[in-house]
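The values are calculated or read from the model by the stated rules, or taken from the named source; none is laboratory data. Keep in mind that this is a model prediction, so the values were computed, not measured. Using ideal geometry, Cβ is built from the backbone for each residue, glycine included, and neighbour counts are taken over all protein chains shown. Protein only, heavy atoms only, side chains kept; ligands, DNA and RNA dropped before computing areas. Shrake-Rupley method; radii C 1.70, N 1.55, O 1.52, S 1.80 Å.
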Amino acid sequence: MTTTTIELTPKDFKGKVDPDWCPGCGDFGVLNALQRAASELGMQPHEIVTVSGIGCSSNLPGYINTYGAHTLHGRSLAFATGVKMANHDLNVIATGGDGDGYGIGGNHFTHTARRNVDLTYVVMNNQIYGLTTGQVSPTSRIGQKTKSTPFGSVEYPINPITSAIMNGATYVARAYSGDVKHLTDLIKGGIRHKGFALIDVFSPCVTFNLDNSHNFFKARVRKLEDEGHDTDDWAAACEKAMAWGDEIYVGKFFHMENDKESLTDLEPVLRDGPIAKRQGGLTEEQADRIIQRMM
Amino acid sequence: MTNGNFDFALAIGGSAGQGIATPGDTLARIVARRGLHLSTYNAYQSIIRGGHIFLTVRIAEQEVRSHGDKLDLLLALNQDTMDRHLRLLGSGAAALYNSDDVSPGDAGDGVQLCPLPVKEITGLQRVGLNQNTVALGAMMHLLGLDFSLLETSIAQQFARKGEEVVNENVRVALAGYTHAQENFVPYPDPMPEGGEPLAVWSGNEALAMGGAAAGVKFYAAYPMSPSTGVLHWYAQNARSLGIMVRQVEDEIGVANMIVGAAHAGARAMCATSGGGFALMTEAIGAASMMEIPCVFINVQRAGPSTGVPTKTEQGDLWQALGASQGDFERFVVSPLDALDAYNTVPELFNLADKLQCPGIILSDLLISEGRYSIHPRDIEFHPAIDRGALVDEGAASGGEYLRYKDTPSGVSPRALPGTPGHVHIVATDEHDEDSMLLSDEFTNPHRRRASVEKRARKFQDAASLIAPPEIEGPADAEATLVGWGSTAGVIAEAIEQLAERGVTANRLAVKWLIPLHAEEIAAALSGRKFIIVENNYSGQFARYLRSETGLSAYGHVRKYDGEPFAPHHIADGVADLLGGEGGVFVPRQEVIV
Ligand SMILES: Cc1ncc(C[n+]2csc(CCOP(=O)(O)OP(=O)(O)O)c2C)c(N)n1
Ligand code: SF4
Ligand SMILES: [Mg+2]
């Protein structure tokens, strides 16, 4: 993976500025876990590209010492796919919020999973639009009161876990950002996995979503590892993912290790190495072949 | 015998599903192999079966700059075609048709009717697409061409389907040829031998090939007429050329994906039409803000909205000028013909790489879906490739690396992700030299101003990187015809027609829209009576030109019925406007296709 062998600590992955998130925001835990995962996997900052959209959570690339792209609202997965397809030597991590990924970016979410692009996608799911000061999101619960649903939402939420599995993602996990160790392990698994990995993280917005607070999750999350869940069993995974009550499951829901190749492996053009490293236009032979077909 | 003036147009008309493309292609190849020039225009609708399709193929010894306005040979594959077009044939023209199904109606004086009793002469009970082959055989006789040329073509075309299919096709073609020999009078001027064999391409293929020659390594698209030909070319050729092609879920995804691929260092391009382009626009602004070079092609069709998917228009100039929120610079260029489209792609990539910004190509259905002859020698397969200021991958970082370093030129060397020692972020939020966001943490009016000026400074001398347009034709002409993009060729032909009518005109064909050579254009047009020719209703270019130069045209010739200009539409308009007091002339499309 790297030519240097200097072990980096999570601190070495600290970005140039400190996060401007509200004190207590769940996103701090996600940032921590990402920095720990990169360090524990022995990665170097220049080998990673962190790509986000727009939102409180999407500010993350500015706070981590890796190559980064803070792209348009909802477009992180499209941009990240472009980066990965152009240079698959890079480790590409997409980060963002529930609105960014499941709302405005929903079409890309569906198709990036379907294509099994070798990306790690970490969604800071606070069930609210944080940056725009608290409107309903695609993961807000029915009945939830927000600034745009002052009388309670009348729409059902999306289930990111079942959606990802149905769309073809090959590594699907959920975590709570208050348990950084557990989240770090799940992110590491996602980075190691060859294929599209979703880690949906309950990352409370302490300012605009008081319904789904740290206390709410602390009281409810149950680890799948303790439940004897079989990560090959997509149907069981979906059933566990639907649970939303006194018990809410976190952990690795689904993992398809070998049965589905990633887009990098499936794309014949990539067999000769990253396309970004191929400079230049056409060779004589290629030009000849093209003109022959036109005659 | 000819004197280099052979100029012949034939048309094949029928409904979708009658296989018009195949005889059109066969003929185009025979003609191009003979070294004759050709230009084809296909009038069609967005349906798979039915409707009316009308393919015009113009063939000449000299280069052909438009599909022209006259018709020498009509092949009517159904009654509808006969009814629509026969009345437009003049003396000396001929109409070919399957007399089992089609009856001619009243033909003009001197028009030769050439009925083909297809069942009788082929001995077939059921005739399908075979009737096209029979007609091709008859055409060979009318055009004074050796039957063996068609035989060779058929053998190539059906080689994969086996000997039996080849033989059957040759048999029915010969039936048509023999029947024609016995019954029809060939044209007085047989089709001459031209020079060296020519190749055939469409404008879309030219755009795609231009990308390949420019070193495009990532092409993405979502299908949309009339741009899909670019995707098809890449799909067919990309693998053998080491290029990645992706069909993406929507144009928003397409645009953001190519920006991502370009950020990682691949030359990346996409093509769409106006509707898809509208979806791409936010990403075009993102490419500008993040300073990532990439190329977006908009093959215009008649709008607004879904519009007329299979008809041409120059209606997206203002969309391109203003694509995306915010106040920023981008290149916008409208190639003048297929070869120019080919050459424009590498030129634009070099400019985009140099100034680290997005580039937009405005093609249209007319250029993109037309098919043209091209001499292989005229295609520069190895254009210069200049990737602009890039940090060497092996470069040690000489201290702190600032992605958006505020340099005198405004250009800051780009380090590609993966380069050790140059870790940085790129952001669609406004940012400082080190990519720290100005919007979320604090806004700083001085820093914001500096960032805006840094990006704008890159464009200060952009016009000097590009050749300005020039007046072509007699300096003392009565009128100057000004066009942009695809109208260049048809304007040139209109000028020839005007000369025959005793009106002298010259031409100013504008290709680069941003940067616009406002000073040069103003100097060229000052004191001249100029008429702007464009394929839209509101005079988008006329208004743009006035805003940039203060110049108002004497008159305007505009067409917005979906069909392209024929030379006489423009010549009629210019004559009319010069005879009056200027204004707007809108030619009437004679043929309903
Ligand atoms: C095209 C577009 N539409 C709307 C916005 C405004 N906007 C910015 S962030 C955001 C929602 C963010 O929600 P989420 O992705 O859940 O992130 P959070 O702030 O909750 O972390 C919206 C609507 C935008 N920047 N761009
Ligand atoms: S508004 Fe919510 S999501 Fe945004 S930083 Fe504050 S706590 Fe976090
Ligand atoms: Mg959110």
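Some observations on this one:
- Residue in the stretch A:92-102 that is more than 22 Å from A:Asn32 (Cα to Cα) and of a type in the set (A, V, I, L, M) present: no
- Residues that are crowded, with 24+ Cβ neighbours inside 10 Å and within 15 Å of ligand 3 (Cβ to nearest atom), drawn from the stretch A:103-134: A:Gly105, A:Phe109, A:Tyr121, A:Val122, A:Val123, A:Met124, A:Asn125, A:Asn126, A:Gln127, A:Ile128, A:Tyr129, A:Gly130
- Count of the stretch B:405-422 residues which are away from chain A (no Cβ under 12 Å) and open to solvent by 20 Å² or more (accessible area, probe 1.4 Å): 7
- Unique match (being assigned by TED's automatic domain parsing to the domain that holds B:Gly51, over 19 Å from B:Ala11 (Cα atoms), assigned to a helix (DSSP H, G or I) and open to solvent by less than 30 Å² (accessible area, probe 1.4 Å)) among B:Ser148, B:Ser153: B:Ser153
- For the stretch B:338-364, residues that are among the charged types (D, E, K, R) and open to solvent by 10 Å² or more (accessible area, probe 1.4 Å) total 3.
- Residue match in the stretch B:503-516 (condition: open to solvent by 30 Å² or more (accessible area, probe 1.4 Å) and more than 23 Å from the chain's Cα centre (by Cα)): yes
- Hits in the stretch A:58-101 - residues which are surrounded by 24 or more Cβ atoms within 10 Å (Cβ to Cβ), within 16 Å of ligand 2 (Cβ to nearest atom) and part of a helix (DSSP H, G or I): A:Ser58, A:Asn59, A:Leu60, A:Pro61, A:Gly62, A:Asp98, A:Gly99, A:Asp100, A:Gly101
- Applying the criterion of being among the small types (Gly, Ala, Ser) and without any contact (Cβ under 8 Å) to a residue 60 or more places away in the chain to the residues of the stretch B:423-469, the residue that is most open to solvent (accessible area, probe 1.4 Å) is B:Ser464.
- Single residue of the stretch B:264-285 satisfying the filter (within 7 Å of chain A (Cβ to nearest Cβ) and over 24 Å from A:Leu282 (Cβ atoms)) that is surrounded by the most Cβ atoms within 10 Å (Cβ to Cβ): B:Ala283
- Residue in the stretch B:418-438 that is under 30 Å from B:Asp364 (Cα atoms) and out of contact with any Leu (no Cβ under 8 Å at 6 or more places or on another chain) present: no
- Among the residues making up the stretch A:115-172, those that are under 22 Å from the mean Cα position of the chain (by Cα), in a loop (DSSP other than H, G, I, E, B) and more than 15 Å from ligand 2 (Cβ to nearest atom) are A:Asn116, A:Val117, A:Asp118, A:Leu119, A:Pro138, A:Arg141, A:Pro157, A:Ile158, A:Asn159, A:Gly168, A:Ala169, A:Thr170.
- For A:Gly96, the stated conditions hold: it is in contact (Cβ under 8 Å) with a residue 40 or more places away in the chain, within 12 Å of ligand 1 (Cβ to nearest atom) and within 11 Å of the chain's Cα centre (by Cα).
- Selection status of A:His88, touching a Gly at 6+ places or on another chain (Cβ under 6 Å) and either facing chain B (nearest Cβ under 10 Å) or within 19 Å of A:Cys25 (Cβ to Cβ) (or both): no
- Total residues in the stretch A:6-62, condition within 11 Å of another protein chain (Cβ to nearest Cβ), under 13 Å from A:Val122 (Cβ atoms) and more than 16 Å from ligand 3 (Cβ to nearest atom): 4
- Residue count for the stretch B:185-224, restricted to those that are of a type in the set (Phe, Trp, Tyr) and either away from chain A (no Cβ under 14 Å) or open to solvent by 10 Å² or more (accessible area, probe 1.4 Å) (or both): 2
- Elements of the type strands (runs of 3 or more DSSP E) sitting completely within the stretch B:1-118 and holding at least 2 residues that are hydroxyl-bearing (Ser, Thr, Tyr): these cover B:37-43.
- Failed condition for B:Ser288, given (1) within 11 Å of chain A (Cβ to nearest Cβ); (2) in a helix (DSSP H, G or I): (1)
- Residue that is nearest to ligand 1 (Cβ to nearest atom), among those in the stretch A:192-218 that are farther than 17 Å from A:Gly97 by Cβ and touching a residue at least 24 places away in the same chain (Cβ under 8 Å): A:His214
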